[in-house]
1. What are the DSSP H helices in the chain that stretch 18 Å or more along their long axis, judged by alpha-carbon atoms, and whose average Kyte-Doolittle hydropathy comes to at least 0.0?
2. Could you pull out every residue, at least 5 positions away or on a different chain, whose amide H is within less than 5 Å of the one on Ile581? Hs are placed 1.01 Å off N in the peptide plane, and Pro or chain starts have none.
3. Would you mind pulling out the separation of the Cα centroids of the range 263-319 and the range 550-577, in Å?
4. Please sort by residue number the GluC sites (Glu not before Pro) in the range 15-86 whose DSSP state is loop and whose Cβ has at most 13 other Cβ atoms within 10 Å.
5. Which GluC sites (Glu not before Pro) from the range 653-733 combine a DSSP loop assignment with at most 16 other Cβ atoms within 10 Å?
6. In debye to the nearest 20, how big a dipole does the range 326-401 give about its Cα centre with +1 on each Lys and Arg Cβ and -1 on each Asp and Glu Cβ?
7. For the chain, what relative contact order do you get, as a whole percent, if you take Cα pairs closer than 8 Å and at least 6 residues apart?
8. Give the residue from Ser30, Trp130, Gly670 lying farthest towards the positive end of the charge dipole for the chain; charges sit on Cβ (+1 for Lys and Arg, -1 for Asp and Glu) and the dipole is referred to the Cα centre.
Amino acid sequence: MLKKIAIALVVAILALASFVYYAGRGGLGSHEGPGETTASVRPPAGVAREVSAVREAAETIGVPRPKQVLFGDFHVHTTFSPDAFMLSLPAAVGEGAHPPADACDFARFCSALDFWSINDHAEGISPQHWQETVDSIRQCNALAGDSATPDSVAFLGWEWTQVGTEPSNHYGHKNVVLRHTDAGNVPPRPIAAGGRVASIFRAADRPFALGAASLIAGDDRLHDLARYVSERVDLERCPDDVPTTELPTDCQEFADTPADLFRKLDEGGHESIVIPHGTTWGFYTPPGSEWDKQLVGDMHDADRQTMVEIYSGHGNSEEYRDFRGVEIAADGSARCPEPRANYLPTCWRAGEIIRARCLEAGDSDDACESRAAEARTDAAEAGQLAHLTVPGVSAAEWLDAGQCRDCAQASFNHRPGGSAQYILAIGNFDAAEPRHFRMALMSSSDNHFARPGTGFKEKNRLGNTESGRPLQIDSPLASFVSPPAQEPIAESSPIDPANPPTGFGGSELERQTSFFMTGGLIAVHAEGRDRDAIWGALDRREVYGTSGPRILLWFDLLNPPGSLGAVAPMGSEVTMTDDPIFQVRAVGSREQLPGCPDYAESALGPDRLEALCKGECFHPSDERRPITRIDIVRVRPQQTPDEPLGELIEDPWKSFPCEPGPSGCAVTFGDPEFASSARGAVYYARAHEAPAPAINADGVRCQGAECQGVDLCGPDPADDCLGEHEPRAWSSPIWVDPPGARAGS
């Protein structure tokens, strides 16, 4: 009898285990489909009013023969991306699926963008999801009306998401945007980055943990997550030594470095641009990282990598400072630098936390200083995992460590060696002629809820930004999304390099929620509003970025040689002997009316309008916000490798206050030092609007003169964590060289 009971029990356990495994491999889940795009067109009269409003503003400010100024978002994720899928879960206060069709509808009816691109992480896109992405983008364009004057143009693309383990092998994230979407002009698969991001899927492939979590919670969305993971995790890596055009369609293609990515794009022959982003974002960038190695040899492709994202929902990547999160010695070892007035290194704060605990426990000053020194070393060597070296620490205890205190809305754990100003200033001297980056400046959102262009109103923090409750799951999945709970002890805990945290467990999810903003927009000066006209502006680098509002901006060189009166617009490269003379014109964005235009509700219906747009849309009034100031930044790129960058980056070089008014602001200025300096210079303009509230504009909201406490943005969806900031727009640079200088790279 007992034997039969034992056998029955074993059979039951095996059956239960099989069922849990079946659930964990997605057997109970549904495929994450592309959704259905709304079959409606934005009224042509409404589009024409936007075109007319821009033309009227341009003529009022004195722009001769103005091109159209079109606004877009070249950095948008849907729940085809693994991190976006995780954010869609109920445990993250998620809203469920937001597939590519949602991005199309949001761009056309909620944010009323002129163009946008889809950029899901290539590391998470299965062959089926790629084909569904292609089909969805084609459908979005087919529903946009007349191809010569569409309500919006959708571009196809992906994100190459590389994360290094240390500064020497870190290259960061880059968006690939394709010019065409028609058959024969689309790659058979997106090209992924290897390394830590790709390992997320291997870390998430926990059938028993996923199955148990979904069954215990009774959560259909977790069943869908298991299905999503299973569809991707079993893919084989494509052979590295086979040209991309000869690879099978059912493998995962990797490019481990930018050089590999550019080579594969060349092999495919598909016209594209590559846009680095998050270049200062310390969430994934190891402290001490710098962009110099990306100017070496094939690591940079000047024909494809023509723009850099200066601002996004992760904050501002513009400003250079000479601090570093850690100091890297010649042998690769890391040392913790001392704090400065405007910067507290995270590794130093780690030592202070351990010291305070030690003293509270009654230990001697000498013993506590020794432990603090050890904690600083452990944190410096841990890189971006420094926060995990202090057991049981709360997010608030870090204060504003790692943040640039005197930068405007700097990205989380700001890494200045990747800032736009650093990128414009550095040189490579491996060859006879110096080599420099010459990339336009643009902005986008990096939204992970299929909501391109959310910066039109500073409302609805959850969904319009990634700021929300840290992902916590009380289940076997907890170690994947958050580090294990620990007791606060008075000793640091070094990270084991052979066994680092997997998945999102190594992320400062709670603290960085105070840094996510609504994100920016890319603007182009285009001859028309169709795909080719937009691409032509991108080719000319006649583009600029804004922090979200639709600020109008023109930046021109007035006296280029041989121009017969024509100006050289932003993005131009000019060789001249005379001192350059420039003009900047800026007109503020229009104040927004509450709610949505009638056409949005007619197209989407009240329920979808509320679910997708959250009841708020781009809804401009006739009143324009004032431009208060125009700054000019001058960068003189290195001529020798030992020139200190701080002396070459002048921000601001010139600053012009503006009289408030709806017509905007125009300034003219010259550089009387150019001709006599015998060196090239880079100039760009930054236009500021009057201060206004914005989500998370105050970061951790420091309390006291030296940030003695913080008020982190919390999980309350009704709290938008507003702070004052200056909305702004950044022009692309104009490069001016003396005769004989190398014209670009």
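Laboratory data are not the source of any read-out in this text; all were calculated from the coordinates shown. All values derive from a computational prediction rather than experimental measurement. As a convention, Cβ positions derive from the backbone with ideal geometry for all residues, glycine included, and neighbour counts pool all protein chains shown.
1. Qualifying helices: 2-24.
2. Leu558, Asn559
3. Between the Cα centres of the range 263-319 and the range 550-577 lies a distance of 26 Å.
4. Sparse-neighbourhood loop GluC sites (Glu not before Pro): Glu36.
5. Counting only loop positions with at most 16 other Cβ atoms within 10 Å, the GluC sites (Glu not before Pro) in the range 653-733 are Glu673, Glu706.
6. Rounded to the nearest 20 debye, it is 200 debye.
7. Relative contact order of the chain: 15 percent.
8. Checked the options; the winner is Ser30.
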